[in-house]
Amino acid sequence: MALLTPGLLALGVSFLVPLVWLARMSLNRTVGPAELQPAVSPQSYIDVLTDGFMWKVAWHTLWLGLLVTVLTIVVSYPIALFLARTRSRLRGLLMALAIAPLLTSSVVRTFGWLILLSDDGVVNSALRTLGITSEPLVLTNNVTGVVIALVEIMMPYAILAMIAGFGRVSKNLEEAAGSLGAGRLRCFVRITFPLSLPGVFTGALMVFVLTISAFITPRLMGGGRVFVIATEIYDQATTTLDWPRASALSVLLLLLFGVFLVLYQRLFRMVEGK
Amino acid sequence: MTKRMSRRAVLPLLLAPAVALSACSTGTTSDEANGGETTIRLMAYATGGFKEKYIKAVIEPFEQANPGIKVEYDGVVSSAEMLGRLRTQKSNPTVDVSIMDLSVAESANKEGIFAPLDPAKVPNMKDLSEQAKVRDNFGPGVTFDNLTLAYNTKAVSTPPTSWNDLWDPAYKGKISISAPPQLDGIGLTVILNKMLGGDYTASIEPAIKRLRELAPSVQTWNPQPDTYTLVKSGQVELALAWNARSQLQHDQSNGALGVVLPKEGSIMQVNTINLVKGGKQADAAQKFIDHALSPDAQAAFSAEMFYAPTNMLTKVNDEVAQRTVMTPEKLKTMIAVDWNWLAEHRAEWTDVWRKDVISN
């Protein structure tokens, strides 16, 4: 117990205190445009939950989360599988390359995509030069841009999480399957993929949670058209200055995370138990 | 909270050597070394050149005239963020004066973050124009700005003259408008409503209907990194913008960005200068506020940054007058705006925009 105390204290100060403060703030009231008044009132929660637009925003957030998760996993899976199994001497270098994007902030990477995907950017010029399109495709300032940038930003997380979860994927089992007459596809579907599922789930959960709480990319790439819970919290906290409402939204988003964590654990146990 | 706790814990440690020194009476304390100098902290905008220009035009002359007082500039991105910071230090403010948007300041006035000024200590208050005056001697207007159209001078051969030019098909996909809750979009709603013969306090349906027709032409409702950068680079060709920053960007970009005050007029935005309640330097702070409101300081800042002065006795040269709303004929076209009323309805208007304009 004595050994635990410093750890618990650090956790308490760094996580619990801000959360309690947030929960307390959500019970205050906003009067008039932005005047903050101390109170114990569920008004902010009632306002948020009865606002049709907020439900739309929540639905949009989940939809974006799912889409980005699926795309990220599909794109990252082969890379992760290769990195987990390769015996190449270059493995360390390749790992570093896959993870290197994490060293730059997502603000910088989003701005990078903003330039690459703009009307005169690399992507549109290439498409035009190849004669595929005549008019530039609108790839920024809308949900398309947000999805493209988010998938790229989430890939290193997905790759790392999947590699960590691929521990049970074993060359021996695949070779055994091969020697018993299974083809490459059959071997992948029956042996490799099921064994890699824990990694896939961990990666998916991580990407999903990071995506539905992502703020920078929807904000910078969305052109003011992409409304998600995180940008909503930002607007309420820093522009409209309705702190109780922003806090209530944060608490609700946190509850949503909780729900997904529980779902994930169920799913995980189901797969593990098989 | 942790900061305050650790500071308390550190204090005795810091004091120990000081006590030791004074006991031997060999060292000089830092107060003596400074010759009893007073420092006041001003919290104001960090962005768009405001900070450098304000230090040059207003703060440096003040410090020269008052050698005993130093002004530290604490730059913050937006008025809302300033209010956020002031809220967290309400019981023990480290800031003495703050310049922020009128409607945000009104919330701070109500929350007891700002204190009323003493008219005897801020005599320049009496010369302010009507739009700059604030109830109960709370911090008055120190700068006027107004909405304008900014355009890329390379891409646009005939400069726009009217707000209606936004609907010109030539600009399709090349328009940037900062949507509400930003004040830009709120202001545009007021202007359009007025042009269509409506009263914004009654209904904004006419403006919203017109904006719905504009929506497909708009490239972004949330320009990043900001409107001015997009116009200068040609990523957009026509944009809703603020006069002061546009004028400054016009000069800094060698004319790549052009500014037009549309003929139908515009709305004025007011920044107020406020005294923080519970600040330790109330006298020096009010001295500074009085200086900021003086005709000299107002003229100097207008010449640097093209905000229109709020003190009616301010004299500026013709060029500066032409590039702000200072001229009487331009002032006449300004649409009267009750910003406090608008602040109350900002959330509601934001919702209408999102439902009926943007996601259309």
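The values are calculated or read from the model by the stated rules, or taken from the named source; none is laboratory data. This structure is a prediction, so every number in the text was calculated from the model and none was measured. Neighbour counts are summed over all protein chains in view; Cβ atoms, including those assigned to glycine, are modelled from backbone coordinates with ideal geometry.
Consider B:LEU275 against the criteria (1) assigned by TED's automatic domain parsing to the domain that holds B:ALA179; (2) in contact with a Gly (Cβ under 7 Å, 6 or more places away or on another chain): it satisfies all of them except one. Which criterion is unmet?
Failing condition for B:LEU275: (1).
Could you grab me the full set of residues in the range B:183-198 that are without any contact (Cβ under 8 Å) to a residue 40 or more places away in the chain and either surrounded by fewer than 22 Cβ atoms within 10 Å (Cβ to Cβ) or more than 20 Å from B:MET334 (Cβ to Cβ) (or both)?
B:LEU196, B:GLY197, B:GLY198
Hey, does the range B:231-238 have a residue that's at pLDDT below 95, surrounded by fewer than 18 Cβ atoms within 10 Å (Cβ to Cβ), within 23 Å of the chain's Cα centre (by Cα) and assigned by TED's automatic domain parsing to the domain that holds B:ALA170?
No - not one qualifying residue is present in the range B:231-238.
Of all the residues that make up the range A:34-57, how many are within 9 Å of chain B (Cβ to nearest Cβ) and farther than 19 Å from B:ARG354 by Cα?
Residues in the range A:34-57 being within 9 Å of chain B (Cβ to nearest Cβ) and farther than 19 Å from B:ARG354 by Cα: 4 in total.
Among the numbered conditions (1) surrounded by 17 or more Cβ atoms within 10 Å (Cβ to Cβ); (2) more than 22 Å from the chain's Cα centre (by Cα); (3) assigned to a helix (DSSP H, G or I); (4) within 13 Å of chain B (Cβ to nearest Cβ), tell me where A:SER118 comes up short.
Failed condition: (3).
Name the residues in the range B:295-325 that are touching a residue at least 24 places away in the same chain (Cβ under 8 Å) and surrounded by fewer than 20 Cβ atoms within 10 Å (Cβ to Cβ), would you?
Once the filter is applied, which keeps residues that are touching a residue at least 24 places away in the same chain (Cβ under 8 Å) and surrounded by fewer than 20 Cβ atoms within 10 Å (Cβ to Cβ), the range B:295-325 yields B:PRO295, B:ASP296, B:ALA303, B:GLU304, B:MET312, B:LEU313.
How many residues does the range B:72-122 hold that are more than 10 Å from chain A (Cβ to nearest Cβ), within 20 Å of B:TYR54 (Cα to Cα) and among the hydrophobic types (A, V, I, L, M, F, W, C)?
9
Among (1) closer than 21 Å to B:PRO223 by Cβ; (2) at pLDDT 90 or above; (3) more than 19 Å from the chain's Cα centre (by Cα), which single condition is A:VAL147 missing?
Of everything listed in (1) closer than 21 Å to B:PRO223 by Cβ; (2) at pLDDT 90 or above; (3) more than 19 Å from the chain's Cα centre (by Cα), A:VAL147 misses just condition (3).
Just a yes or no: is a residue in the range B:140-155 under 22 Å from B:LYS70 (Cα atoms) and within 14 Å of chain A (Cβ to nearest Cβ)?
Looking for residues that are under 22 Å from B:LYS70 (Cα atoms) and within 14 Å of chain A (Cβ to nearest Cβ), one finds none in the range B:140-155, hence no.
Of all the residues that make up the range A:127-184, how many are under 14 Å from A:ARG85 (Cα atoms) and assigned to a loop (DSSP other than H, G, I, E, B)? Even if it seems obvious, please write down each step before you answer.
First, the residues of the range A:127-184 that are under 14 Å from A:ARG85 (Cα atoms): A:159-160, A:162-175.
The next check asks that each one be assigned to a loop (DSSP other than H, G, I, E, B); those that pass are A:166-170.
Here the count works out to 5.
Among A:VAL40, A:VAL70, A:VAL13, which is part of a loop (DSSP other than H, G, I, E, B), among the β-branched types (Val, Ile, Thr) and out of contact with any His (no Cβ under 7 Å at 6 or more places or on another chain)? Explain how you work it out, then say what you get.
Numbers: A:VAL70 fails: part of a loop (DSSP other than H, G, I, E, B); A:VAL13 fails: part of a loop (DSSP other than H, G, I, E, B).
Among A:VAL40, A:VAL70, A:VAL13, only A:VAL40 is part of a loop (DSSP other than H, G, I, E, B), among the β-branched types (Val, Ile, Thr) and out of contact with any His (no Cβ under 7 Å at 6 or more places or on another chain).
Residue by residue, here is whether (1) of a type in the set (Phe, Trp, Tyr); (2) modelled with pLDDT of 95 or more; (3) within 21 Å of A:ASP119 (Cβ to Cβ); (4) in contact with a Phe, Trp or Tyr (Cβ under 8 Å, 6 or more places away or on another chain) holds:
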position	(1), (2), (3), (4)
B:TYR151	yes, yes, yes, no
B:THR161	no, yes, no, no
B:LEU166	no, yes, yes, no
B:GLY173	no, no, yes, no
B:PRO180	no, no, no, yes
B:VAL190	no, yes, no, yes
B:ALA202	no, no, no, no
B:LEU211	no, yes, no, yes
B:PRO225	no, no, yes, yes
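Has the range A:259-273 got any residue that is within 13 Å of chain B (Cβ to nearest Cβ) and of a type in the set (Asp, Glu)?
Taking the range A:259-273 as the starting set, the residues that turn out to be within 13 Å of chain B (Cβ to nearest Cβ) are none.
No, the conditions are met nowhere in the range A:259-273.
Pairs needed: first member in the range B:228-242, within 19 Å of B:THR47 (Cα to Cα); second member anywhere, surrounded by fewer than 24 Cβ atoms within 10 Å (Cβ to Cβ) and of a type in the set (D, E, K, R); C-beta distance under 7 Å; at least 6 residues apart or different chains.
B:LEU240/B:ASP184
Would you check if B:ILE113 is crowded, with 19+ Cβ neighbours inside 10 Å and in contact with a Ser or Thr (Cβ under 6 Å, 6 or more places away or on another chain)?
Values: crowded, with 19+ Cβ neighbours inside 10 Å: yes; in contact with a Ser or Thr (Cβ under 6 Å, 6 or more places away or on another chain): no.
Judged against the criteria, B:ILE113 is not a match.
May I ask you to list the residues in the range A:206-226 that are buried (at least 22 other Cβ atoms within 10 Å of the Cβ) and aromatic (Phe, Trp, Tyr)?
Listed by number, the list holds a single entry, A:PHE208.
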